[in-house]
Amino acid sequence: MALPELLPKLLSTAEHLQKMASANEANTKHHLIEPLLAGLGWNLGDFNEVDREFKVYDGTFLDYALRVNGKAKLFIEAKALGKSLTDKQFIAQTVNYANNEGVVWCVLTNGLAYHIYKSNEPVPMERKLLFELDLTEAIPPGNNHAVVDALQYLSRSSLQDGKLDAWGESVFVDMRTRAALAKLGKEPNAKFVAVVSGAIDGPSIELARLKASLARVLSDLAGAKAGALVGAPPAMSSSLPIAKASGASGSLPKASYTMAQHTANKPSAIVDLFEQADSHAMALGEDVQRRTVKQYIGYFAGKRSFFTLEIKQTKIYAYISLPPNESKPWNADDMRDVTKIGHYGMGDTEFVLRTADQLPRLKALIEQSYFRNRK
């Protein structure tokens, strides 16, 4: 069964299991996880492809080892429907099973939520999380394309063709590269300055001016990285009122929160999307200012807001200060008119960012809003 048709059935089954008080781990695996694996192209009847109760290094058993051409490519650890997946013991168990067996990718799931980790990434445990999936976001059935597209990364063909590997590589390596560039921009060493100086066309630039230029050019990266890789605990702050003004002007909100508090415990793929949108916005002009408050991150051209970002576990809400009839091209799959709908931040056009292929359209809208609101 194709995924768009399968997802509503799985959600209905999950609801039934919960009503019947039958949401134990065995039923979760049989009625929710295994039908999804079949829909992703895994042959449940082939022991060499789907190995249940796989014995790992310490003599315990993992729920599923998925193989491609006889080699384990993905481990899945299942929990009962309704179980929280944020338990550090569950996470460590799943990741360590995979890492000790030399399997790069592993999934922790309760049948509705799927958390995908890269076990061998040289970062702390909580930052090995590449992305999360929530099947309940596939409602209504006709608007489940985003969940379907994300699920494809767990398909047999994706594992065989290296698509998940390529995505993980681009996210994790690019984040570390941006962090390094941010550091060099803030405190450029002599070798880095010399390389840049040698690559510049035309007359040479004196050292002090070049260092100042590097700090400006890379300041957007430094700003995004100021907290993106640090899991700092949230500070106490009062909630902000819901706003929905397009191009709102006046006093800038007080920056009472840090970037770290918005990106803490978010999947790396989401943080990567945020960093790219953030760096694009900050590079638009010297008048761009960023303000982080409890519920969102605001971007201002002078004192006028041109968009805000609200970072979630599986997506980023962008509220753009453009009238919906001027937000072109319009795509109902990820855009919505929120002129009369309350939300945090400022902007009448909502854009839901989930994947990198949406970034060019979001960046174009951000630019349009910046030049419209720049006064």
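Could you grab me the full set of residues in segment 275-294 that are under 21 Å from the mean Cα position of the chain (by Cα), of a type in the set (S, T, N, Q) and open to solvent by 40 Å² or more (accessible area, probe 1.4 Å)?
Scanning segment 275-294 gives a single hit, GLN276.
Restricting attention to strands (runs of 3 or more DSSP E) lying wholly within segment 86-166, give those where 2 or more residues are within 30 Å of ARG336 (Cβ to Cβ).
113-118, 129-134
Considering only segment 44-64, state which residues are open to solvent by 50 Å² or more (accessible area, probe 1.4 Å) and touching a Lys or Arg at 6+ places or on another chain (Cβ under 8 Å).
ASN48, PHE61
Taking the condition of being of a type in the set (Ser, Thr, Tyr), touching a residue at least 24 places away in the same chain (Cβ under 8 Å) and open to solvent by less than 50 Å² (accessible area, probe 1.4 Å), how many residues in segment 112-169 meet it? First the steps, then the outcome.
First pass over segment 112-169, keeping only residues of a type in the set (Ser, Thr, Tyr): 114, 117, 119, 136, 153, 155, 157-158.
Now narrow it down to the ones that are touching a residue at least 24 places away in the same chain (Cβ under 8 Å): 114, 117, 119, 136, 153, 155, 157.
After this cut, where a residue has to be open to solvent by less than 50 Å² (accessible area, probe 1.4 Å) as well, the list is 114, 117, 119, 155.
Here the count works out to 4.
Return only the number of the condition from (1) over 24 Å from ASP134 (Cβ atoms); (2) assigned to a strand (DSSP E or B) that LYS73 does not satisfy.
(1)
Checking LEU36 against (1) modelled with pLDDT of 95 or more; (2) in a loop (DSSP other than H, G, I, E, B), which test does it fail?
(2)
The values are calculated or read from the model by the stated rules, or taken from the named source; none is laboratory data. Values in this document were obtained by computation on a predicted structure and should not be read as measured data. Methodologically, a virtual Cβ is constructed for each residue, glycine included, from the backbone with ideal geometry; neighbour enumeration extends over all protein chains shown. Surface accessibility is based on the protein's heavy atoms, side chains included, excluding ligands, DNA and RNA. Shrake-Rupley method; radii C 1.70, N 1.55, O 1.52, S 1.80 Å.
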